[in-house]
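*Asks:* Take this structure, written in structure tokens, and hold onto it; I'll ask about it next.
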Amino acid sequence: MASISKKLKWTAALLIVFLLIIATNLVDRQHFRRVKESVVAMYEDRLVVKDLIFELKLLVDQKKLALLTENEAFFADQNEQVNDSIDALVERFYATQLTAEERDYLNAFVEKTETLRPIEERVYTDPQAEEQLAKSLHALESDLYVLSKIQLSEGKVQLMKASKSVNAMDYLTNLELIALIVIAVFVIFIWVYNPKSSLSTSS
């Protein structure tokens, strides 16, 4: 009877360890969720934004080309449509998860586009407007360049987070496997091993 009681105590202790392993499994799930969040963030907030920046750069380049080639028809007929496209892309940009630095540069970009529009309207009537427009377009390009660099650095941060979580999951999974094997061996040993029978055979 005492032997069965002892076995039950050992089994209870091992069950507690087993429950701890289940708890670590829940931690694994948390790490997995973090990896998933990092991958989603890398796509939605980095790769998508990278594409938005590229599209914005193309639109700014259209303005630069029209200015360099003195294309008055562009500023008369197409420029308003280009401005609408810029506004739409900026709106999509704001809808992503922005860092404080990104928001600052995006706000600066928007302010410059608003300042740019009155200059564009008088680009061929005001002698100084052409030079002002060229400087403003260059400033817009600078903001877009910084924003594209931020995507790289933030993408690396997300990648490091994902890598860290994956490593933690690997480590915990290995520990769980080892612990489960040890528990299984102990349970078999406790229920199979009979100290009385071993004593009787030795005597």
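The values are calculated or read from the model by the stated rules, or taken from the named source; none is laboratory data. Bear in mind the structure is a predicted one, so any value in this text is a computation, not a measurement. No Cβ is skipped: glycine too gets one built from the backbone with ideal geometry, and neighbour counts run over all protein chains shown.
*Asks:* Looking for something part of a helix (DSSP H, G or I), of a type in the set (Asp, Glu), under 35 Å from the mean Cα position of the chain (by Cα) and at pLDDT 90 or above - is there at least one such residue anywhere in the range 73-84?
*Replies:* Residues of the range 73-84 part of a helix (DSSP H, G or I): 73-84.
Next, only the ones that are of a type in the set (Asp, Glu) stay: 77, 80, 84.
With under 35 Å from the mean Cα position of the chain (by Cα) added as a condition, the list becomes 80, 84.
Then keep just the ones that are at pLDDT 90 or above; that gives 80, 84.
So far as the range 73-84 goes, yes, one or more of its residues are part of a helix (DSSP H, G or I), of a type in the set (Asp, Glu), under 35 Å from the mean Cα position of the chain (by Cα) and at pLDDT 90 or above.
*Asks:* Output the residues belonging to the range 87-98 that are in a helix (DSSP H, G or I) and touching an Asp or Glu at 6+ places or on another chain (Cβ under 9 Å).
*Replies:* Step one: filter the range 87-98 for residues in a helix (DSSP H, G or I), giving 87-94.
Selection gives Leu89, Phe93.
Matching residues to (1) among the hydroxyl-bearing types (Ser, Thr, Tyr); (2) closer than 20 Å to Leu147 by Cα; (3) more than 30 Å from the chain's Cα centre (by Cα):
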site	(1), (2), (3)
Lys64	no, yes, yes
Leu67	no, no, yes
Gln97	no, yes, no
Glu101	no, yes, no
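*Asks:* Looking at (1) of a type in the set (A, V, I, L, M); (2) at pLDDT 95 or above; (3) over 20 Å from Tyr124 (Cβ atoms), can you tell me which one Ile53 breaks?
*Replies:* Failed condition: (2).
*Asks:* Filter the range 99-129 down to residues that are outside any helix (DSSP H, G or I) and in contact (Cβ under 8 Å) with a residue 40 or more places away in the chain and give me whichever is surrounded by the most Cβ atoms within 10 Å (Cβ to Cβ).
*Replies:* First, pick out the residues of the range 99-129 that are outside any helix (DSSP H, G or I): 99, 122-128.
Remaining after also requiring in contact (Cβ under 8 Å) with a residue 40 or more places away in the chain: 99, 123-124.
Details: Thr99: 13, Val123: 19, Tyr124: 13.
Taking the candidates together, the pick is Val123.
*Asks:* So is Asp45 modelled with pLDDT under 65, surrounded by 14 or more Cβ atoms within 10 Å (Cβ to Cβ) and over 28 Å from Glu101 (Cβ atoms) or not? Walk me through how you get there before you give the answer.
*Replies:* On the way: modelled with pLDDT under 65: yes; surrounded by 14 or more Cβ atoms within 10 Å (Cβ to Cβ): yes; over 28 Å from Glu101 (Cβ atoms): no.
For Asp45, the condition - modelled with pLDDT under 65, surrounded by 14 or more Cβ atoms within 10 Å (Cβ to Cβ) and over 28 Å from Glu101 (Cβ atoms) - is not met.
*Asks:* Here's another thing I want to ask about it. Checking Gln132 against (1) surrounded by 13 or more Cβ atoms within 10 Å (Cβ to Cβ); (2) modelled with pLDDT of 95 or more, which test does it fail?
*Replies:* (2)
*Asks:* Another question, then. State the number of residues belonging to the range 72-93 that are farther than 18 Å from Asn107 by Cβ and either surrounded by 16 or more Cβ atoms within 10 Å (Cβ to Cβ) or in contact with a strand residue (DSSP E or B) (Cβ under 8 Å, 6 or more places away or on another chain) (or both).
*Replies:* Initially, the range 72-93 is screened for residues farther than 18 Å from Asn107 by Cβ, giving 72-82, 84-85.
Subsequent filtering for residues that are either surrounded by 16 or more Cβ atoms within 10 Å (Cβ to Cβ) or in contact with a strand residue (DSSP E or B) (Cβ under 8 Å, 6 or more places away or on another chain) (or both) retains 74-75, 79, 82.
Summing the residues that are farther than 18 Å from Asn107 by Cβ and either surrounded by 16 or more Cβ atoms within 10 Å (Cβ to Cβ) or in contact with a strand residue (DSSP E or B) (Cβ under 8 Å, 6 or more places away or on another chain) (or both) in the range 72-93 gives 4.
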